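Novice: Following this message is one structure expressed as structure tokens.
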Amino acid sequence: MRISILGLGLMGQALARTLVGAGHSVTVWNRTEGKADGLGATAVATAAEAVAASPLVIVCVLDYAAVRELLGLVQLDDRVLLNLTNGRPAEARDMADWVAARGGDYLDGGIMAVPQMIGTPGALILYSGSPAAFERYEEALSALAGSRYLGTDAGLAPLYDLAMLTGMYGQFAGFLEAAALIASEKRPVAEFTTELLLPWMNAMAGRTPELAAAIEAGEYATDVSNLEVNRVGMVNLVRAFEEQGVKPDLLLPMGDVLDRRVAAGHGAEGLASLIEELR
Ligand code: FVH
């Protein structure tokens with residue numbers, strides 16, 4: 001299959017290398033020269049030439065503004081534009097209209113992988129937008145990663161992508177605060193992480209489907225620590241951080257939300273109830 005890739009940053013190069021390896025005929029373009037070396041793809045001098053070369057055009061650059069800038073006035077008749085650039089739902093919806101006005105079909109994608117994972121079983125790409133385009137290219141795209149098509153609304157892939165990144169940042173925030181607390185006593189962080197923290201975090205992550213069910217049902221009764229118990233626990237945590245000379249900056253926002261929810265009379269409810277303060 002003929003596939004063009006616009007943007008040869010770390011991710012674009014991984015995409016190109018993997019598609020070449022899967023036997024596709026890949027044409028590439030990048031704003032600055034020299035990044036196509038060794039990829040086994042055909043490098044062209046302009047974005048317009050790359051668009052002309054293939055019915056499927058993948059773009060993976062810094063942001064959506066760069067996508068618009070590099071495509072400029074290029075017509076996209078009979079082309080599918082698959083945008084794997086990180087963006088927001090509103091941007092993806094605008095981009096779908098923008099591409100349609102140029103005669104193209106639009107798919108948005110969210111890459112849940114780092115470049116080294118592309119083409120390996122752990123990689124996932126979320127898709128939304130044109131169902132016809134997804135059906136047509138699903139098999140070719142399976143060389144890159146597992147696929148999950150979320151629906152015709154182009155904004156869905158970035159919405160889910162950002163939600164997954166949000167979960168990731170929450171995990172890293174917890175890890176960093178925990179590591180800072182352990183390091184405050186010059187205890188080994190690596191040993192603590194692998195032997196104790198990781199199994200604990202996995203066990204707690206295993207409880208999230210229960211919280212999700214409570215959120216969907218809007219029923220927040222709990223048979224584990226309620227919000228008041230958690231609020232007192234958080235006050236204790238923050239004091240311990242201060243006594244250890246460590247900043248609890250990544251934890252404080254959660255403490256604020258707990259305070260608000262308890263003050264509103266929901267102290268007997270479970271943690272899932274905090275979502276009502278976020279809506
Ligand atoms: N790398 C990762 O782990 C993540 C995984 C999840 C998805 N992201 C998103 O992928 C987009 C590209 O990320 P990247 O890692 O390839 O980024 P860089 O290596 O920094 O390459 C950036 C490319 O964008 C080109 N570019 C920037 N501005 C423009 C512009 N105005 N016009 C045309 N191209 C532009 C840049 O070109 P150059 O500097 O080499 O000339 C690179 O090709 C991104 O949305 C991540 O969030 C990656």
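The values are calculated or read from the model by the stated rules, or taken from the named source; none is laboratory data. These numbers were taken from a predicted model, which means no experiment stands behind them. So basically every Cβ, Gly included, is an ideal-geometry build from the backbone, and we count neighbours across all protein chains shown. To get the accessible areas, we keep the full protein, side chains included, count just its heavy atoms, and leave off ligands, DNA and RNA. Shrake-Rupley method; radii C 1.70, N 1.55, O 1.52, S 1.80 Å.
Novice: Any residue at all in the stretch 162-184 that is within 30 Å of residue 237 (Cβ to Cβ) and outside any helix (DSSP H, G or I)?
Specialist: The answer is yes; a qualifying residue exists.
Novice: I'm trying to understand the selection: among the residues of the stretch 211-228, which are surrounded by 13 or more Cβ atoms within 10 Å (Cβ to Cβ) and more than 25 Å from residue 179 (Cβ to Cβ)?
Specialist: 214, 215, 219, 220, 222, 226, 227, 228
Novice: Still on this model: Out of all the residues in the stretch 85-96, is one or more farther than 22 Å from residue 18 by Cβ, open to solvent by 10 Å² or more (accessible area, probe 1.4 Å), small (Gly, Ala, Ser) and at pLDDT below 95?
Specialist: Scanning the stretch 85-96, I find no residue that is farther than 22 Å from residue 18 by Cβ, open to solvent by 10 Å² or more (accessible area, probe 1.4 Å), small (Gly, Ala, Ser) and at pLDDT below 95, so the answer is no.
Novice: Just wondering, is there one or more residues in the stretch 70-81 that are open to solvent by 50 Å² or more (accessible area, probe 1.4 Å), within 16 Å of the ligand (Cβ to nearest atom) and over 17 Å from the mean Cα position of the chain (by Cα)?
Specialist: The answer is yes, given that some residue of the stretch 70-81 is open to solvent by 50 Å² or more (accessible area, probe 1.4 Å), within 16 Å of the ligand (Cβ to nearest atom) and over 17 Å from the mean Cα position of the chain (by Cα).
Novice: Select from the stretch 229-247 the residues that are assigned to a helix (DSSP H, G or I) and either open to solvent by 80 Å² or more (accessible area, probe 1.4 Å) or touching a residue at least 40 places away in the same chain (Cβ under 8 Å) (or both) and list them in ascending order.
Specialist: 229, 230, 236, 239, 240, 241, 242, 243, 244, listed by residue number.
Novice: Need the failing condition index for residue 63 against (1) away from the ligand (no atom under 13 Å from the Cβ); (2) surrounded by fewer than 18 Cβ atoms within 10 Å (Cβ to Cβ), just the number.
Specialist: Status for residue 63: all satisfied but (1).
Novice: What number of residues within the stretch 153-203 are β-branched (Val, Ile, Thr) and closer than 24 Å to residue 108 by Cβ?
Specialist: 1
Novice: Is there a residue in the stretch 24-32 that is among the small types (Gly, Ala, Ser) and modelled with pLDDT of 95 or more?
Specialist: Checked against the condition, which is being among the small types (Gly, Ala, Ser) and modelled with pLDDT of 95 or more, the stretch 24-32 yields at least one hit.
Novice: Quick one: in the stretch 97-110, which of the residues that are open to solvent by less than 30 Å² (accessible area, probe 1.4 Å) and aliphatic (A, V, I, L, M) is nearest to residue 136 (Cα to Cα)?
Specialist: 107
Novice: When you check residue 27 against the structure, is it over 21 Å from the mean Cα position of the chain (by Cα), surrounded by 19 or more Cβ atoms within 10 Å (Cβ to Cβ) and more than 12 Å from the ligand (Cβ to nearest atom), yes or no?
Specialist: Yes: the conditions hold for residue 27.
Novice: Inspect the stretch 261-269 for any residue being open to solvent by 50 Å² or more (accessible area, probe 1.4 Å) and within 24 Å of residue 169 (Cα to Cα) and give the result as yes or no.
Specialist: No: zero hits.
Novice: Scan 33, 49 and give me the residue that is within 13 Å of the ligand (Cβ to nearest atom) and either part of a helix (DSSP H, G or I) or assigned by TED's automatic domain parsing to the domain that holds residue 113 (or both).
Specialist: When all the criteria are applied, what remains is 33.
Novice: Of the conditions (1) over 20 Å from residue 178 (Cα atoms); (2) in a loop (DSSP other than H, G, I, E, B), residue 264 fails just one. Which one is it?
Specialist: Condition not satisfied by residue 264: (2).
Novice: If I filter the stretch 185-202 down to residues being closer than 20 Å to residue 237 by Cα and within 25 Å of the chain's Cα centre (by Cα), which single residue comes out as surrounded by the most Cβ atoms within 10 Å (Cβ to Cβ)?
Specialist: It comes out as 197.
Novice: Of the conditions (1) in contact (Cβ under 8 Å) with a residue 24 or more places away in the chain; (2) assigned to a helix (DSSP H, G or I); (3) surrounded by 14 or more Cβ atoms within 10 Å (Cβ to Cβ), residue 250 fails just one. Which one is it?
Specialist: So residue 250 meets the others, but not (2).
Novice: Identify, please: which residue in the stretch 1-24 is more than 9 Å from the ligand (Cβ to nearest atom) and not in a helix (DSSP H, G or I) and is, among those, surrounded by the fewest Cβ atoms within 10 Å (Cβ to Cβ)?
Specialist: Applying the filter and picking the extreme gives 23.
Novice: Being assigned by TED's automatic domain parsing to the domain that holds residue 28, touching a strand residue (DSSP E or B) at 6+ places or on another chain (Cβ under 6 Å) and away from the ligand (no atom under 15 Å from the Cβ) narrows it down to one of 145, 96, so name that one.
Specialist: Exactly one residue qualifies, and that residue is 96.
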